[in-house]
1. If the cut-off is a Cα-Cα distance under 23 Å, which lysines reach residue B:47, setting aside same-chain residues fewer than 8 apart in sequence?
2. Can you sort A:70, B:108 from fewest to most other Cβ atoms within 10 Å of each residue's own Cβ?
3. Just want the ordering: A:131, A:47, from fewest to most Cβ atoms lying within 10 Å of their own Cβ.
4. Please compute the alpha carbon radius of gyration of the range B:1-43, then divide it by the globular-protein estimate 2.2 N^0.38 Å. Two decimals is fine.
5. Can you check what the net charge comes to around residue B:39, using other residues whose Cβ is under 14 Å from the Cβ of residue B:39 (Lys, Arg +1; Asp, Glu -1)?
6. From the gyration tensor of the Cα coordinates in the protein assembly as shown, what semi-axes in whole Å does the equivalent ellipsoid have, largest first, with each one equal to sqrt(5λ)?
7. Could you give the radius of gyration (one decimal) and Dmax (whole number) of the Cα atoms in chain A, in Å?
8. Other chains' Cβ within 10 Å of A:68-80 residues: what's the mean?
Amino acid sequence: MFSETIGKQSAKIKNTVERGAVRKFAEAIGDSHPIYVDEETGRNSRFGANIAPPTFPRVFDYGDIKGLDLPDKGLIHGEQTFHYKRPLLVGEDIFCYSEVTGYTEKSGTQGKMGFLLLKSFGEDSSGSIVFTSKSTVIISEAVRREMDRV
Amino acid sequence: MKMTELQAGDSLQTIQLDPVSRLDLIKYAGASGDFNPIHTIDEEAKKAGLPGIIAHGMWTMGNLSKLFTSYYEEGYIEDYIIRFRGMVFLHDTITLKAELQDKVENKLHFNVAAVNQADKEVIKGQIVFALY
């Protein structure tokens with residue numbers, strides 16, 4: 001059921017790198033460094049602004065991919081990558097979308113495991129890519145069976 | 001110590017986190033928007049076949065990058081690649097590590113990992129730190 005979604009993309013969603021969200025996120029990962037949270041440190045830095053931690057894109061909305069209905073429970077995060085052209089700046093708008101780039105199934109001791117590959121993109125307002133990220137989501141047979149019933 | 005002074009085989013200062021608390025995970029759920037209840041509610045974790053709540057993989061990955069934060073004037077994390085290998089449970093003590101593997105022009109390639117109190121790698125991967 002996931003194979004049909006390969007190549008499908010979500011529509012771009014405008015996200016803002018909000019100061020409060022960055023502060024909360026930095027706190028939650030125990031990294032309240034002044035470059036993330038202190039305005040003066042940001043102004044005096046090479047960026048002229050505060051920046052966001054590299055895993056901050058977890059917060060962004062990437063829009064819905066048609067036909068891809070992932071359950072909110074039972075998924076296993078297998079791998080995660082981020083690739084940056086530059087750090088994210090606090091206050092800027094980032095346009096985000098995702099694409100299904102692959103789906104494979106492998107037989108294991110607990111039945112067939114599904115491996116869903118998602119690639120996500122973040123562009124600035126001029127359309128230049130700031131970051132891309134890839135996630136591998138593992139979907140167990142039990143979860144897939146549950147999804148088939150609904 | 002500056003990034004540019006590091007040689008292959010050198011490590012960044014390791015960080016040992018306080019034992020994982022429920023509040024850590026509730027805070028991360030709120031800050032990230034990941035409210036999967038296996039990270040915060042015992043009964044939901046048990047229903048999912050786990051002995052107890054587990055940390056978000058992205059919480060651990062988020063923590064690990066702080067080894068690099070103070071070097072922001074020298075460069076930035078260009079690539080951050082992580083494989084989630086083991087679960088992190090309440091009260092686990094996680095240690096964050098980064099070792100410089102090699103330097104290719106202005107790119108520093110690090111092996112990074114978070115290990116638990118039994119010295120088992122819970123996440124593992126690479127960071128490419130690009131110097132300006």
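1. The qualifying lysines are A:73, A:112, B:27.
2. A:70, B:108
3. Ordered from fewest to most neighbouring Cβ atoms within 10 Å, A:131, A:47 come out as A:47, A:131.
4. It is 1.86.
5. -1
6. One finds semi-axes of 30, 23, 19 Å for the protein assembly as shown.
7. 17.8, 56
8. Neighbouring Cβ atoms belonging to other protein chains average 4 per residue here.
All of the numbers you see were taken from the coordinates with simple rules; none came from a lab. Everything numeric in this text was worked out from a predicted model, so none of it was measured. All Cβ positions, even for glycine, are placed from backbone atoms using ideal geometry, and neighbour counts span all protein chains on display.
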